[in-house]
Amino acid sequence: MIVALSATAIVVLALLWEISMPWIDRRLEARRASRARRRTGDRGAAYDPGRERRAELRARELLRSCVNEEEWAMYRDLGFLRVWGSQSDPDGAGDLRGVDYAYLIYPHKPIVAYLPQTGRLLNEYCVEFPDETRPFGSPRLPDSDDVLAKWMALQGDERRIILEANLHLPGRQVDPRQVQRDLWRLGRWERERMARALRAGAEQLAEPADG
Amino acid sequence: MKFLRMRPGFGEQLIAEGDVEVAEEERELVDAFRRQLDLGMWAAVPTVRSDGRREAEMVRAFEEIPRDTGRVIFFPRAAGGAA
């Protein structure tokens, strides 16, 4: 009996250790960065809107150079990105097999998962990319860097970022009415874009006949 | 190959650059890559598929980086936010 209880206790302790290590690592890293700042007399630089604006402009250029032209236009025009989920393989495991789903990526807000066919919101995935070196006192990346980090993480390893995120029901941080409005705006934006592309194609076809 | 790191207040910063075909420069890139991972960064490589579609790959080791890639982007690892 005692042996069994001891074994159970050891397993529980090992699991707790495994779970708490990343959190402890982050806390230690933050503490080290904070001490380093104190040592160098850096009390945190004052907020400089010019610096933040320049950082955001650089971040937008980086984002633009990485995502597809359609995605860049979506972010520029609507302020968010849509990324299709990759776990809906018809032969795969899980609830979403065969069902198309997608994510909306907002800067510094949770990633929102939804079903494009119905507009039904599935979950919010609260995730941040805090830089604990805090070069100017804040751990927040520029908006467009935050969006690009989410885009790359979803593209490159969807399961990993979803596992790292805090999962919540829709409405926890992002207003569902806002998301529904954004989905409506996205639909209208896509229709207009499609119509423009069709018009441009028709004009191109007509040109040789005119010439 | 360029290593870029996203940083608050900066946008991206160039943290290393070198030619992977030159042994010494490759060693320096390997060291820089490990340093960033030790600092808790995630690394991603922007890629372009044969049909022109842009994507990204997450890489956990230097050997996973395609030899012909132009840049690797480092960013702080994800943490569950605003619980």
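The values are calculated or read from the model by the stated rules, or taken from the named source; none is laboratory data. As the structure is a computational prediction, the values presented were derived from the model and not from experiment. Cβ placement follows ideal geometry from the backbone for every residue including glycine, while neighbour counts extend to all protein chains displayed.
Of note:
- Residues of the range B:42-83 that are among the aliphatic types (A, V, I, L, M) and either within 23 Å of A:Cys126 (Cα to Cα) or in contact with a Pro (Cβ under 8 Å, 6 or more places away or on another chain) (or both): B:Ala43, B:Ala44, B:Val45, B:Ala56, B:Met58, B:Val59, B:Ile73, B:Ala78, B:Ala79, B:Ala82, B:Ala83.
- If the condition is being small (Gly, Ala, Ser) and either surrounded by fewer than 17 Cβ atoms within 10 Å (Cβ to Cβ) or modelled with pLDDT of 95 or more (or both), then the range B:30-49 contributes B:Ala32, B:Ala43, B:Ala44.
- Within this structure, A:Arg177 fails the test of being surrounded by 13 or more Cβ atoms within 10 Å (Cβ to Cβ) and on the phi < 0 side of the Ramachandran plot.
- B:Gly52 being surrounded by fewer than 21 Cβ atoms within 10 Å (Cβ to Cβ), at positive phi and either under 9 Å from the mean Cα position of the chain (by Cα) or not polar (S, T, N, Q) (or both): yes
- Restricting the first member to the range A:56-74 and to residues that are charged (D, E, K, R), and the second to residues that are at pLDDT 95 or above and not in a helix (DSSP H, G or I), the beta-carbon pairs closer than 6 Å and six or more apart or on different chains are A:Glu56/A:Pro142; A:Glu71/A:Leu81.
Here is a yes/no grid of residues against (1) among the basic types (Lys, Arg); (2) part of a helix (DSSP H, G or I):
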site: A:Ala153; (1), (2): no, yes
site: A:Arg159; (1), (2): yes, yes
site: A:Ile162; (1), (2): no, yes
site: A:Leu167; (1), (2): no, no
site: A:Gly171; (1), (2): no, no
site: A:Leu183; (1), (2): no, yes
site: A:Trp189; (1), (2): no, yes
site: A:Glu192; (1), (2): no, yes
site: A:Leu198; (1), (2): no, yes
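- Subset of the range A:45-57 (residues that are surrounded by 12 or more Cβ atoms within 10 Å (Cβ to Cβ) and either away from chain B (no Cβ under 11 Å) or at pLDDT below 70 (or both)): A:Ala45
- Test result for B:Gly11, surrounded by 15 or more Cβ atoms within 10 Å (Cβ to Cβ) and in contact with a Leu (Cβ under 7 Å, 6 or more places away or on another chain): yes
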